[in-house]
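A quick write-up on the structure given underneath.
The values are calculated or read from the model by the stated rules, or taken from the named source; none is laboratory data. This is a predicted model, so every value here is computed, not measured. Positions of Cβ are generated from backbone atoms using ideal geometry, with glycine treated the same way; all protein chains shown enter the neighbour counts.
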Ligand code: FES
């Protein structure tokens, strides 16, 4: 039998049960991006997630002090599900099974017919919390109660200026869509580590705008969670290039899944220098694409105005 060519990528990680079991440990011990802070800016707002491959359901809630709390989505009484909606707002967390009520901080506040539980001490009962932290306006959780790295250390290697740039509170949510792909999560991460595919897969859109030698890759080999930075530049544009999007391009940017629009205002790209992006200080810069292991792909660029595309990967 022919030995696999060591220069090619093995398919073993995609078909091995043992590898899958190891992946579950990775997802249980990594910082996982769960959303933007602005998604739950008011007290009582929440987002909930099921991470099916590891049989975990969790919720993130902002309490009345403005603190973000993450909990397992399970009642400590008889394991009732606490959050059934994906997003929403609650004054308190009430279990639908027997009506136990928890504060937004996870503390047990009320038990219907409490006399049925003689000797119970409510102050000893609370929702099971999950490690949570934020970076650049993104919310991360770690299912390990004692994460090996702080989130800051986990993202080691990323330019310090990027955090302040992305966390700008004036930035507005503009548009978004969700697509469910039946794909192995590693595929989505792998393809963002290189720009080699752009001129082929995206030949009718982005591939027509960029050329492979305009794309640079950098790998954060010492970082536990920041994987790579792909920087894309455009060929130098002609003086008569359009400076405004056509209606079709505007619609495809807002409602479609792709767009071939690149901002032609080169002075804007140059102004991004020293803000944590465009390290080559080039007026041909279009976007930086970061991959954060295991579930965040982040595009920061001037496709239109200032744009973040965040791609959230589920397991
Ligand atoms: S399971 Fe939640 S109150 Fe009983």
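What to note about this one:
- Residue list for the stretch 89-102, filter: loosely packed, with under 15 Cβ neighbours inside 10 Å and away from the ligand (no atom under 12 Å from the Cβ): 89, 91, 92
- Residue check for residue 105: away from the ligand (no atom under 16 Å from the Cβ), outside any strand (DSSP E or B), farther than 20 Å from residue 126 by Cβ and at pLDDT 95 or above: no
- When residues of the stretch 77-88 are limited to those that are within 18 Å of residue 50 (Cα to Cα) and more than 24 Å from the chain's Cα centre (by Cα), the one nearest to the ligand (Cβ to nearest atom): 80
- Filter result for residue 216 (modelled with pLDDT of 65 or more, more than 21 Å from the chain's Cα centre (by Cα) and surrounded by 14 or more Cβ atoms within 10 Å (Cβ to Cβ)): yes
- When 143, 151 are screened for being within 29 Å of residue 168 (Cα to Cα) and touching a helix residue (DSSP H, G or I) at 6+ places or on another chain (Cβ under 6 Å), only 143 passes.
- Candidates 69, 11, 73: the one that is buried (at least 16 other Cβ atoms within 10 Å of the Cβ) and more than 16 Å from the ligand (Cβ to nearest atom) is 69.
- For the stretch 52-66, residues that are touching a helix residue (DSSP H, G or I) at 6+ places or on another chain (Cβ under 8 Å) and either in the same structural domain as residue 295 (by TED's automatic domain parsing) or within 18 Å of residue 36 (Cα to Cα) (or both) total 3.
- Against the test of being more than 16 Å from the ligand (Cβ to nearest atom), more than 25 Å from the chain's Cα centre (by Cα) and without any contact (Cβ under 8 Å) to a residue 60 or more places away in the chain, the options 50, 17 yield a single qualifying residue, 17.
- Every listed requirement among (1) in contact with a helix residue (DSSP H, G or I) (Cβ under 9 Å, 6 or more places away or on another chain); (2) part of a strand (DSSP E or B) is met by residue 69 save one, (1).
- Taking (1) under 18 Å from residue 134 (Cα atoms); (2) modelled with pLDDT under 95 in turn, residue 15 satisfies each apart from (1).
- Answer residue from the stretch 219-240, given it is exposed (fewer than 12 other Cβ atoms within 10 Å of the Cβ) and over 30 Å from residue 28 (Cβ atoms) and is modelled with the highest pLDDT among those: 235
- Evaluation of residue 59 against (1) more than 13 Å from the ligand (Cβ to nearest atom); (2) free of Cβ contacts under 8 Å to residues at least 40 places away in the same chain; (3) more than 15 Å from residue 130 (Cβ to Cβ); (4) in contact with a strand residue (DSSP E or B) (Cβ under 7 Å, 6 or more places away or on another chain) (one fails), failing number: (3)
- Taking first residues from the stretch 130-158 that are free of Cβ contacts under 8 Å to residues at least 60 places away in the same chain and partners that are surrounded by fewer than 18 Cβ atoms within 10 Å (Cβ to Cβ), the Cβ contacts under 7 Å between residues at least 6 apart in sequence or on separate chains come to 135/163; 136/163; 136/167; 145/131.
- Test: residue in the stretch 111-134 that is away from the ligand (no atom under 16 Å from the Cβ), buried (at least 17 other Cβ atoms within 10 Å of the Cβ) and not in a strand (DSSP E or B): no
- Meets criteria (touching a residue at least 12 places away in the same chain (Cβ under 8 Å) and under 30 Å from residue 182 (Cβ atoms)) for residue 93: no
- Some residue of the stretch 41-57 being surrounded by fewer than 15 Cβ atoms within 10 Å (Cβ to Cβ) and at pLDDT 95 or above: yes
- Any chance residue 78 is without any contact (Cβ under 8 Å) to a residue 24 or more places away in the chain and in contact with a helix residue (DSSP H, G or I) (Cβ under 9 Å, 6 or more places away or on another chain): no
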